[in-house]
Amino acid sequence: MTNQPLASISKVISRATNIALPLACAFMFGAVTNQPAQARTFAVLYNFTGADGGGPGGLVRDKAGNFYGTTVLGGTYGYGTVFELKPKAGGGWTEKLLHSFNWNGKDGAYPNANLAFDAAGNLYGTTQSGGSFNSCSAGCGTVFELTPKTGGWAEKVIHSFNGQDGDDPWGAGLIVDKSGNLYGTTFYGGSGTCSNESADGCGTVFELHHKAGGGWSEKVLYDFQNGGSDGNYPHAGVIFDGAGNLYGTTVGGGTVGYGTVFKLMPTKVGTWTEKQLYNFNSNDGGGSPYDSLIFDSSGDLYGTVTGSGNCTSGNGCGSVFELTPKAVGSWTAKVLHKFNGTDGDNPEASLLLDASGNLYGTTEAGGDEACYGGCGVVFELTQKASGAWTEKVLHDFNGIDGEAPSSLMFDSSGRLYGSTYLGGTHRGGTVFELTP
């Protein structure tokens, strides 16, 4: 098994270069709340310098209001960090490095996905490279745990991928079930062979569960096969429905080759069965979904794709879609909005849905041309009485205040928070707030 997370490694290298440049021009890819749609005021809460991390991903927040996240680069060894942002009593925020990855033959490298809390307050995440197996040239990636202790946090690699069980959990954040088991995807790896690929594998969906005597055991729930006809390269993580089924997306593969939405259903004998819910094509708003899906209260799925759209400039622009289940078990796709470059380009982060049914998200490019191809936007989609959807740009990044935003989150007061992979005072990315 050879590791060629070529796409991911090349992006890490190109982005690392751009973080240090005086003008950042590179691109980064891309829950139901009770918050209403409102006009918002923008503020940068923190600017990364590189030494304290560079290239932050999405954020999670604890009950005390502290933010946690990863940076794909920077830190003590240059292979990325886990950080905490804590509000100061008199205003402002303090950053603290909880862990710097060192790629020492065991530890991971290049964390590039959201973190997840378990019920005990431990943090879990993935690194796209590193680990203890040499079957992949850059290491096949890891799943790690951060446990709070007096005065800090202790990091432990709880699984190193070996290629056959997965390779490069690139952008896939983990989810945690009620029993504390972890679920995620790997972009490459497994036993499948995809078209135009020699030995990288088509990707996997995996579970990590606690062993009776301590430690963790990994199980591959699904190994994408069939030359990619069942989907290949799952970049985003998976989500559960109320019945315990998993839903996710693949960037490529399917009947047309533009990616899929899939469902994994557990069987009585402990295996999982895959069903393709939708195959993207170039005529229905684009393809290559990079983000995780979200459910609304009616069981409809929402997500984004990066290609096609009404693009008059940029990289492909992309669109927002909705999948509605039919009584016979199939799903109907509807394009809610097609980006045109000016109002956003390349949506590659997960959406948010508020209690009024409004959607919020980001595009990694488009908007302000201070960055080549645009610096990215935060957008809102509102449904009219007629059923049509209207897009509003809530913030248009200009490079100085950030570039290439990732996924968003709400707090209980309706404030939106997120991070940008690039831009800011030191060009190492930012954490920002949009206040009603």
Please name which of SER413, GLY57, GLY74 has its Cα lying farthest along the dipole of the chain towards the positive end, using unit charges on Cβ (Lys, Arg +1; Asp, Glu -1) and the Cα centre as origin.
SER413
Given 327-334, 406-413, 175-182, the highest-first ranking by average Cβ count within 10 Å works out to 406-413, 175-182, 327-334
So which trypsin sites (Lys or Arg not before Pro) in region 232-322 are both in a DSSP loop and have at most 10 other Cβ atoms within 10 Å of their Cβ?
LYS268
Could you pull out the pairs from LYS96/LYS178; LYS275/LYS326; LYS156/LYS211 whose alpha carbons sit more than 22 Å apart here?
LYS96/LYS178
Residue by residue through region 254-260, the couplings from Karplus 6.51 cos²θ - 1.76 cosθ + 1.60 with θ = phi - 60°, in Hz, x for Gly and Pro, are x, 5, 10, x, 9, x, 9
Given charges at beta-carbon only (K, R positive; D, E negative), |dipole| of the chain in Debye
620
Derived scalar couplings ³J(HN,Hα) [region 118-132; Karplus, 6.51 cos²θ - 1.76 cosθ + 1.60; whole Hz; x for Gly, Pro]
9, 5, 8, x, 7, 9, 10, x, 10, 10, 6, 9, x, x, 9
Could you list ASP354, ASP300 in order of exposure, starting from the residue whose Cβ has the fewest other Cβ atoms within 10 Å?
ASP300, ASP354
Taking 0.36 nm per residue of sequence separation and subtracting the Cα-Cα distance, how much length would be gained by fully extending the chain between LEU45 and LYS86, in nm to one decimal?
13.7 nm
Residue (of ALA89, PHE206, VAL44) at the positive-pole extreme of the chain, dipole from beta-carbon charges
ALA89
18 Å Cα-Cα reach of LYS263 towards aspartates and glutamates, excluding residues that sit fewer than 8 places from it in its own chain:
ASP177, GLU207, ASP223, ASP230, ASP241, GLU274, ASP291, ASP296, ASP300, GLU322
Leaving out same-chain residues fewer than 8 places away, which lysines sit with a Cα under 17 Å from that of LYS384?
LYS334, LYS338, LYS392
What FRET efficiency do you get for LYS392 and LYS178 if R0 is 45 Å and r is their Cβ-Cβ distance, rounded to the nearest 0.05?
0.75
To the nearest 20 Debye, how big is the dipole of region 289-388 about its Cα centre, given +1 on the beta carbon of each Lys and Arg and -1 on that of each Asp and Glu?
440
Integer Hz, Karplus 6.51/-1.76/1.60 couplings in order for region 337-342, x for Gly and Pro:
7, 10, 6, 10, x, 5
Consider the candidate values [x] 26.4; [y] 21.3; [z] 25.0; state which one is Kirkwood radius over Cα pairs in Å computed from the structure displayed.
[y]
Pulled fully out, how much extra length does the chain show between THR382 and SER413, if you take 0.36 nm times their separation in residues and subtract their Cα-Cα distance?
9.2 nm
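Throughout, read-outs are computed from the coordinates displayed, never taken from laboratory work. Since we're looking at a predicted model, the values are computed, not measured. Every residue, glycine among them, receives a Cβ derived from its backbone with ideal geometry; neighbour counts consider all protein chains shown.
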